Amino acid sequence: MGEPLFDLVITNGICVTAADVARYDVAIKDEKIVLLAASGSLAGVSTKQIIDAEGGYVTPGGVDCHVHLEEPALFGRGTSSDTFETGTRSAVAGGCTTIVAFAPQPKDQPSLLRALELAHEKAHDNCFCDYGFHLLVGNPGEQALSEFAALTEKEGVTSLKIYMTYTALQLRDGEILSVLAEARRHRIFTMIHAENGDVLNWLTDQLESKKLFAPKYHSHSRPPTLEAEATNRAIALSSLISNTPILLVHVSDPGATRRIREAQSNGQPIYAETCPQYLFLTRDDLDKPGFEGAKCVCAPPPRDRASQEVIWTGLRNGTFSVLSSDHCPFNYDDAEHGKKTPIDDDHPVGRFREIPNGIPGIETRLPLVFSSGKLPLTKFVEVTSTNPAKLYGLYPRKGSLIPGVSDADLVVWYPDSDLPNVTLTNSMLHHATDYTPYEGRRVRNWPRYTILRGRVVWDRETGGVVGGKGYGQFLKRGHSTLDGMWEAVEEEGEFDITRL
Ligand code: DUC
Ligand code: ZN
């Protein structure tokens, strides 16, 4: 008896990709998918391990490209409650096999490469899933801009994120233009947080002058117009730099969505992301008794039910290419580093302006959306795995099931005949955060197995998280390949100010 032919075989599953839903078996060898075969045909093959999916769906592992871990205080007073270890542990338990997290460059740090080095130090040997980094650019001075070449050519970092709000990060319009021009030159993809920081500070001052401090006023300080205006401005700035591709992150507002759709219809390379909080939470969640609303303080804030429907439609019709978690966790019951830092004798319901913005969601992203029944399964795979992989230069290694090419990253879901019917509670999650904004919500399905590069890392029935800390590898990424965006840039030519 020689060496078994395969390392792992999954039989009897219904495989879903962004293109197809079909019954076939999957064989894995040396961390790769190596064979797709007729359903049941691999049942007796020689393999080290076999999983019978019992008729459950099998999807490519989730790719979550908007994850904040181990970051300093950037979005209010608190610091992240999840480390790379706990955040990625939580990721695999929710079916996510790849994340792209942020390497933040503070305003007093001129170098992006130094920021990247620090992020590597935090993540190295600590991750349960594969990971990459986006640079979070707080100071686009001469040095930072001169490092774009090294980022893409040496470091495998081909995307960055900039902010139109937050004192620690906000860029002026001129700085945004500098980033976009340099990003275009180096084929770096730019993510933009579009909220008008100056307007929101003015509105916040107005609310505070009326002594309106409670968490629910977070939403009044960030009305939809503020997101729509900044979105429109971001699109205008991209068009000024010869239509440089950008992605509007975490879109919540119908007005912003319409503007994005219009730009896309005009042929502009405008991409957009949304997140579960804009599908499952509303502004009423900020108005829970006492300080509880702080659990749902994130930016932009959750909107109303009608807005949720517009966002679902935007996912179905392709306005949104990706659905990420924006996992940005802070402990609730923590007055030193968490949501409760702004509570004091003068402010018994805190001050919303200082509540750290962000909610946990890395583990609940896929189960919530998969179970909702509101997306066709192929669309579910497209926006949670395939498109993120394409947008951020990981495809087809990630986000697909191509034999000989794709990493063996898979999720096996429960079959319809045996649904686990889970009631979400924080105690069942694997992050290090003391709450989930989805407490008590019912989800119909949950990843039964998560497989990363051929190894079972999550086995819900026996063992839970069975992957190892440090098994997750750093991924050097290529340029975006979604919709041939950079080919279009080649055709349009380099930015030339005399053409304006
Ligand atoms: N929004 C959040 O809710 N948290 C982190 C940053 C952001 O933009
Ligand atoms: Zn953001």
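The values are calculated or read from the model by the stated rules, or taken from the named source; none is laboratory data. Worth saying up front: this structure is predicted, and the values here are computed from it rather than measured. Positions of Cβ are backbone-derived with ideal geometry, glycine not excepted, and every protein chain shown enters the neighbour counts. Accessible surface areas use protein heavy atoms only, side chains included; no ligands, DNA or RNA. Shrake-Rupley method; radii C 1.70, N 1.55, O 1.52, S 1.80 Å.
Scanning segment 37-52 for residues that are surrounded by 15 or more Cβ atoms within 10 Å (Cβ to Cβ) and over 16 Å from Val412 (Cα atoms) yields Ala37, Leu42, Val45, Thr47.
Take Ala230 and decide whether it is among the hydrophobic types (A, V, I, L, M, F, W, C), farther than 16 Å from Phe320 by Cα and buried (at least 23 other Cβ atoms within 10 Å of the Cβ). The answer is yes for Ala230. Just one of (1) open to solvent by 30 Å² or more (accessible area, probe 1.4 Å); (2) assigned to a strand (DSSP E or B) fails for Thr450. It is (1). Pro215 falls short on exactly one of the conditions (1) over 24 Å from the mean Cα position of the chain (by Cα); (2) over 21 Å from Pro300 (Cα atoms), and that condition is (2).
Would you confirm, using the coordinates I've provided, whether Leu8 is open to solvent by 10 Å² or more (accessible area, probe 1.4 Å) and not in a loop (DSSP other than H, G, I, E, B)?
Values: open to solvent by 10 Å² or more (accessible area, probe 1.4 Å): no; not in a loop (DSSP other than H, G, I, E, B): yes.
For Leu8, the condition - open to solvent by 10 Å² or more (accessible area, probe 1.4 Å) and not in a loop (DSSP other than H, G, I, E, B) - is not met.
Whether a residue is surrounded by 15 or more Cβ atoms within 10 Å (Cβ to Cβ) and over 28 Å from Thr86 (Cβ atoms) was assessed, and Lys390 passes this test. Looking at segment 342-365, can you tell me whether even one residue there is under 16 Å from the mean Cα position of the chain (by Cα), within 16 Å of ligand 2 (Cβ to nearest atom) and acidic (Asp, Glu)? For segment 342-365, residues under 16 Å from the mean Cα position of the chain (by Cα), within 16 Å of ligand 2 (Cβ to nearest atom) and acidic (Asp, Glu): absent.
Here is a check on your reading of the model: is Leu118 more than 30 Å from Phe380 (Cα to Cα) and open to solvent by 40 Å² or more (accessible area, probe 1.4 Å)?
Yes: the conditions hold for Leu118.
When segment 269-293 is filtered for residues that are within 14 Å of Ser219 (Cα to Cα) and away from ligand 1 (no atom under 12 Å from the Cβ), the ones remaining, listed by number, are Thr282, Arg283, Asp284, Asp285, Leu286, Asp287, Lys288, Gly293.
Scanning segment 279-298 for residues that are within 17 Å of the chain's Cα centre (by Cα) and open to solvent by 10 Å² or more (accessible area, probe 1.4 Å) yields a single hit, Phe280.
May I ask you to list the residues in segment 471-488 that are more than 21 Å from the chain's Cα centre (by Cα) and open to solvent by 20 Å² or more (accessible area, probe 1.4 Å)? Give the steps one after another, and end with the answer.
Of all residues in segment 471-488, those more than 21 Å from the chain's Cα centre (by Cα) come to 484, 486-488.
Gly484, Glu487, Ala488, listed by residue number.
Residues that are within 16 Å of ligand 2 (Cβ to nearest atom) and under 17 Å from Arg441 (Cβ atoms) within segment 285-322 comprise Cys296, Cys298, Pro302, listed in sequence order. Of all residues in segment 64-112, those satisfying the criterion of being of a type in the set (Gly, Ala, Ser) and away from ligand 1 (no atom under 13 Å from the Cβ) are Gly87, Ser90, Ala91, Ala93, Gly94, Gly95, Ala103, Ser111. Being touching a residue at least 40 places away in the same chain (Cβ under 8 Å), over 17 Å from Asp20 (Cα atoms), of a type in the set (Lys, Arg) and open to solvent by 10 Å² or more (accessible area, probe 1.4 Å) is true of Arg353. For segment 76-105, the set of residues classified as open to solvent by 10 Å² or more (accessible area, probe 1.4 Å) and either within 16 Å of ligand 2 (Cβ to nearest atom) or assigned to a strand (DSSP E or B) (or both) consists of Gly76, Ser80, Pro104, listed by residue number. Per the conditions (1) part of a loop (DSSP other than H, G, I, E, B); (2) at negative phi, the sole criterion not satisfied by Asn243 is (2). Of the residues that sit in segment 406-441 and are open to solvent by 60 Å² or more (accessible area, probe 1.4 Å) and in contact (Cβ under 8 Å) with a residue 60 or more places away in the chain, which one is farthest from Tyr57 (Cα to Cα)? Of everything passing the filter in segment 406-441, Asp434 is farthest from Tyr57 (Cα to Cα). When Val297 is tested against (1) more than 16 Å from ligand 1 (Cβ to nearest atom); (2) β-branched (Val, Ile, Thr); (3) modelled with pLDDT of 95 or more, only condition (1) is not met.
Here's the yes/no breakdown for (1) open to solvent by 10 Å² or more (accessible area, probe 1.4 Å); (2) assigned to a helix (DSSP H, G or I); (3) among the aliphatic types (A, V, I, L, M); (4) within 16 Å of ligand 1 (Cβ to nearest atom):
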| site | (1), (2), (3), (4) |
| --- | --- |
| Gly314 | no, yes, no, no |
| Thr319 | no, no, no, no |
| Lys340 | yes, no, no, no |
| Ile362 | no, no, yes, yes |
| Val369 | no, yes, yes, no |
| Leu375 | yes, no, yes, no |
| Val383 | no, yes, yes, no |
| Arg397 | yes, no, no, no |
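Screening the candidates Thr190, Thr158 for the property of being modelled with pLDDT of 95 or more, more than 16 Å from ligand 1 (Cβ to nearest atom) and touching a Lys or Arg at 6+ places or on another chain (Cβ under 9 Å) yields one hit, Thr158.
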